[in-house]
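Asks: This is the structure, below, for whatever I ask next.
The values are calculated or read from the model by the stated rules, or taken from the named source; none is laboratory data. Worth saying up front: this structure is predicted, and the values here are computed from it rather than measured. Cβ atoms come from the backbone with ideal geometry, glycine included; neighbour counts cover every protein chain shown. The protein model used for the area step is the full one, side chains on, heavy atoms only, and it has no ligands, DNA or RNA in it. Shrake-Rupley method; radii C 1.70, N 1.55, O 1.52, S 1.80 Å.
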Amino acid sequence: MPNFPRPTLLYGLSCLAVLAACLIHAAFSSAADTAPGDEVPLFDGKTLDGWNGDTQWFRVQDGAIVAGSATEKIPANQFLCTNKTYRDFELSVDAKLVGQGNNAGVQFRTKRIPNDTEVIGYQADIGFMPNGTCWGALYDESRRRKFLAESPELAMKTVKRGQWNTLKIIARGDRIQIFLNGVQTVDYTEQDPDIEREGVIGLQVHSGPPLEVYYRNVRLKEL
């Protein structure tokens, strides 16, 4: 090999050592930036990228997902679902109802029913009934078709009619917790081992009178 002067050889080795250290640091920094457990947005505020559903009933407006129609009757339940599935997580979303209709919800650990607009899975409910509210209740969509847990009196004191309300869902193993505007309304433990513990996230607009459901700040942290 050529007989390099010693100072040049040492300088070259030093540069290689610095370069190697930088590459290692960059690799670790990149891994930290995308580490599991970070809270991430599921909605970019501009597009429906990462979601699937009937765009007749879902659009983006002013940084929110708008489901439904202000003028048309909604003939069937409609759902905008994530392309990705999730198992254990913390999910938060702001929602607001505008219009004659008053029923919507946030689906989780859910799957689509083939050749149907419906889905099957858990729902954190949104809406009002003649005798109160179902905001913050846990409903089993298209499966047991009933409320699994709810706190209607507490939710009625907490919900802000016609305004933005924040739902937080924590699903970890068999346990499901739901919070409405920071107040816990559900603490449910699933006893049936055959019930799915993994699925998509979905945003619903319920069939019925004209209704627009606004969803924003959809964020999730995998546990």
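Asks: Could you work out what % of the accessible surface of segment 163-223 is carbon and sulfur, using a 1.4 angstrom probe and leaving DNA, RNA and ligands out of the count? Don't jump to the answer; show the numbers that get you there.
Replies: Numbers: 1080 of 2600 Å².
That share works out to 42 percent.
Asks: Beyond a 22 Å Cα-Cα separation, which of these cross-linked pairs lie in this structure: 84/221; 84/146; 146/168; 168/221?
Replies: Values: 84/221 13 Å; 84/146 26 Å; 146/168 20 Å; 168/221 11 Å.
Going by Cα-Cα distance, 84/146 fall outside the 22 Å limit.
Asks: Quick one: what are the phi-derived ³J(HN,Hα) couplings along segment 178-190, Karplus 6.51/-1.76/1.60 with θ = phi - 60°, whole Hz, x for glycine and proline?
Replies: 10, 10, 10, 6, x, 9, 6, 10, 9, 9, 10, 10, 6
Asks: Residues with amide H under 5 Å of residue 101's amide H, sequence separation 5 or more or different chain, H placed in the peptide plane at 1.01 Å from N; which?
Replies: Close amide H contacts, sequence-distant or interchain: 211.
Asks: For segment 70-162, report the % of Cα-Cα distances exceeding 24 Å.
Replies: Values: 979 of 4278 pairs.
Tail fraction, whole percent: 23.
Asks: With labels modelled as points extended 7 Å from the Cα through the Cβ direction, what inter-label distance (nm, one decimal) is found for residue 70 paired with residue 47?
Replies: The two pseudo-label positions are separated by 2.6 nm.
Asks: Another question, then. Highest mean first, what order results for 98-106, 150-158, 47-55 on Cβ atoms within 10 Å?
Replies: Details: 98-106: 19.9, 150-158: 16.8, 47-55: 13.8.
Taking the mean over residues of other Cβ atoms within 10 Å, the ranking is 98-106, 150-158, 47-55.
Asks: For segment 72-124, what are the per-bin percents of Cα-Cα distances with bins 10 Å wide, up to the bin holding the maximum?
Replies: 18, 51, 28, 3
Asks: Can you list the aspartates and glutamates whose alpha carbon is less than 17 Å from that of residue 96, not counting same-chain residues fewer than 8 positions off?
Replies: Correct list for residue 96: 62, 125, 212.
Asks: Among 61-74, 167-180, how do they line up by average Cβ neighbours within 10 Å per residue, starting with the highest?
Replies: Result, highest mean Cβ count within 10 Å first: 167-180, 61-74.
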